[in-house]
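K.L.:
First the structure, which I've put down as structure tokens, then a few questions once you've had a look.
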Amino acid sequence: MNEELAELLFPHIKTSVEEIEAKYPKRDLKEGAMVTRFGPSPTGFIHVGNLYGAFISSQLAHQSGGIFYLRIEDTDSKREVEGAKEAILKALANYGIEYDEGYQKGGQYGPYVQSERVEIYQTYVKDLVRKGLAYPCFMSEEEINEIREGQELRKEKIGIYGHYAVDRDLSLEEVKKHLENNDPYVIRLKSQGDPHKEIILHDLIKGDINLPENDIDFPLLKKDGIPTYHLAHVIDDHLMHTTHVIRGDEWISTFPYHLELNKALGFKPCKYAHIAPLTKKEDGKIRKLSKRKDKEFAVSYYEEAGIPKEGVRLYLATLANSNFEEWYMQNKDKTINDFTFSFKKMATGGTLFDMEKLMNICRTYFSRISAIDLYQEALPFYQKFDNDFYQLMVKEKDKLIAFLNIEREGKRPRKDIATYQDIKLESSYLFDDLFYQDKEKTYQEVKDMVIDEETLKQYFKVYDANDDQDTWYQKIKLLAEENGYAPTTKMYKEDPNAYKGHIGDICEMIRHILTGRNKTPNLYDLLKILGIEELEKRFHWYNEK
Ligand code: GLU
């Protein structure tokens, strides 16, 4: 009877499971090599959670000499959004997550788009029907809703199982009658499970998790013959020889489905690793990052905010393994790919996604690259988002690079740049176009700032662009002494009443007139870049009423 039922339901399926299996031979990889995948659904929005999973999967596969592939899981056509597949490719490319085979790239284990694999899934389902492990279910939406409402009221497990699975044992005649009537149907698993028994998920991140054995006859094929996620991913991961399924922990509750499916299909299950969700602290409470509330959840946000690709990658690495950050701090000349990631160092509970932390990581990253690299990296950002500054960058290349190069060497390099946007913010006083705008805005209010015109005027005369830093400083010291300032802060502190101020006040005054700010990189270097004439010019502008 099962044989006949299988033919009745799938007359168009002529291939056998064996024929399909033969097309997906075992991969020729060394012992221990991991095969992982990224299986996004093209539903329109790539978020950092997706990127995080893809990042972890690719690092683990590649460090083991394995394969990381991209599979588009588009079995839910109702939710599909135009352009979503392109957004997925763009996000992976933008963040340097390279895949070895998959969508748009090909490979021997394709097709890598689930909607192109429908016959494959149906072949396996036909086989399950033949073995008495799947059946057509003609229940209507209304009937199913009614059952659910009753189950909710009685606080029972939701789903079609046990006595609720009324079509489980339909006779061939009854099925035929339904088909003659063109009644719509789904194909359900005929579960063999016993909910009183437990199964164990040996999760590679969270450890062993006990779950009840599945007894739900969940759908394998929907009314249109398209598979559900449960069926499609189990078959694909088997055929594509995935060794490790790394996915969000929202899938843990349906793991019993997947285990039973593997058993019914005669597959050896993959190893599973469920990643804890990214969370955020808000008003003292921790919650999951949300698509609706958090702009930083969308991957597109990072590009627009000028956050560097490598900064995002470093942060994903920091989130992925608790020992990464320390390693990165200690290994200045190494890159992410030199680090060995492990499941053991992954968080079992929610992982706090903290923008401030990300900014700090970006600062460290920018402090480690050369001024020229920083300049080059920032160019495309400005070309795309701020063409005026882009033009300025091109015109004033040497000046900007000289500025970015200040305090870059040495033990404690400067860390004022976290995003590409900061380059403009931090350097704007270098450029006349940006500096001479609105005096009120240019000259930030600095508490207790006294402009000592006499001393400044003398300084214009003694300054020499050829002085080395030490001579430069000695000259200011001398100037301080001659004008009633303490040549050191120590001397000033010992007897404040004896002086107008100290050498630091003179430096701050010069800095303020030159840049409008009280915090900048090394003043000696800035004066060299801008020149004493510019300091004079700015002093006059400052003095104009
Ligand atoms: N398509 C699933 C999702 O987008 C993938 C889950 C998995 O990696 O197995 O959530």
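K.L.:
Starting from the Cα gyration tensor of the stretch 66-129, take the square roots of the eigenvalues, sort them a ≥ b ≥ c, and report rounded, prolate or oblate (rounded when a/c is under 1.5, otherwise prolate if a/b is larger than b/c, else oblate).
P.N.:
It comes out oblate by the Cα gyration axes.
K.L.:
So if we plug the beta-carbon distance of GLU304 and TYR436 into 1/(1 + (r/R0)^6) with R0 = 30 Å, what FRET efficiency do we get, rounded to 0.05?
P.N.:
It comes to 0.55.
K.L.:
Taking Cα atoms, how many degrees apart are the long axis of helix 118-130 and the longest axis of the chain, rounded to 10 and kept between 0 and 90?
P.N.:
The angle comes out near 40 degrees.
K.L.:
I've got another one for you. Could you state the angle between the C-alpha long axis of helix 229-239 and the longest principal axis of the C-alpha atoms of the chain, as a value from 0 to 90 degrees rounded to the nearest 10?
P.N.:
Once rounded, one gets 90 degrees.
K.L.:
Put +1 on the Cβ of every Lys and Arg and -1 on every Asp and Glu Cβ in the stretch 327-459; which of ASN331, LEU456, PHE341 then has its Cα farthest towards the positive end of the dipole?
P.N.:
Final value for the positive-end residue is PHE341.
K.L.:
From the phi of every residue in the stretch 96-111, what ³J(HN,Hα) in whole Hz does the Karplus formula 6.51 cos²θ - 1.76 cosθ + 1.60 yield, where θ is phi - 60° and glycine or proline is x?
P.N.:
The phi angles translate into x, 9, 8, 10, 8, 8, x, 3, 6, 10, x, x, 7, 10, x, x Hz.
K.L.:
Work out the charge dipole of the chain with +1 on the Cβ of Lys and Arg and -1 on the Cβ of Asp and Glu about the Cα centre, then indicate which of ILE97, PHE267, TYR485 is farthest towards its positive end.
P.N.:
Of ILE97, PHE267, TYR485, it is TYR485.
K.L.:
Using the heavy atoms of the protein chains alone and a 1.4 angstrom probe, what is the accessible area of the chain per residue in square angstrom?
P.N.:
In whole numbers, the chain has 51 Å² accessible per residue.
K.L.:
Once you order the gyration tensor axes a ≥ b ≥ c over the Cα atoms, which shape class does the stretch 1-55 get: rounded for a/c under 1.5, otherwise prolate or oblate by comparing a/b with b/c?
P.N.:
oblate
K.L.:
Classify the stretch 135-244 as rounded, prolate or oblate, taking a ≥ b ≥ c as the square roots of the eigenvalues of its Cα gyration tensor: rounded when a/c is under 1.5, otherwise prolate if a/b is larger than b/c and oblate if not.
P.N.:
Judged from the Cα gyration tensor, the stretch 135-244 comes out oblate (a/c at least 1.5, b/c at or above a/b).
K.L.:
Continuing with the same structure: Placing +1 at every Lys and Arg Cβ and -1 at every Asp and Glu Cβ, with all other atoms neutral, what dipole size does the stretch 392-545 have around its Cα centre, in debye to the nearest 20?
P.N.:
460
K.L.:
Let me ask another. Pairing the Cα long axis of helix 141-153 with the longest principal axis of the chain, what angle in degrees results, from 0 to 90 and rounded to the nearest 10?
P.N.:
70
K.L.:
Can you give the charge dipole size of the chain about its Cα centre, rounded to the nearest 20 debye, using +1 on the beta carbon of Lys and Arg and -1 on the beta carbon of Asp and Glu?
P.N.:
For this selection, approximately 800 debye.
K.L.:
Identify, among SER41, ALA378, ALA61, the residue whose Cα sits farthest towards the positive end of the charge dipole of the chain, taking +1 on the Cβ of Lys and Arg and -1 on the Cβ of Asp and Glu, with the dipole about the Cα centre.
P.N.:
ALA61
The values are calculated or read from the model by the stated rules, or taken from the named source; none is laboratory data. Predicted, not measured: the structure shown is a model, and the values here were computed from it. Note that each Cβ is placed from the backbone with ideal geometry, even for glycine, and that neighbours are counted across all protein chains shown. The protein model used for the area step is the full one, side chains on, heavy atoms only, and it has no ligands, DNA or RNA in it. Shrake-Rupley method; radii C 1.70, N 1.55, O 1.52, S 1.80 Å.
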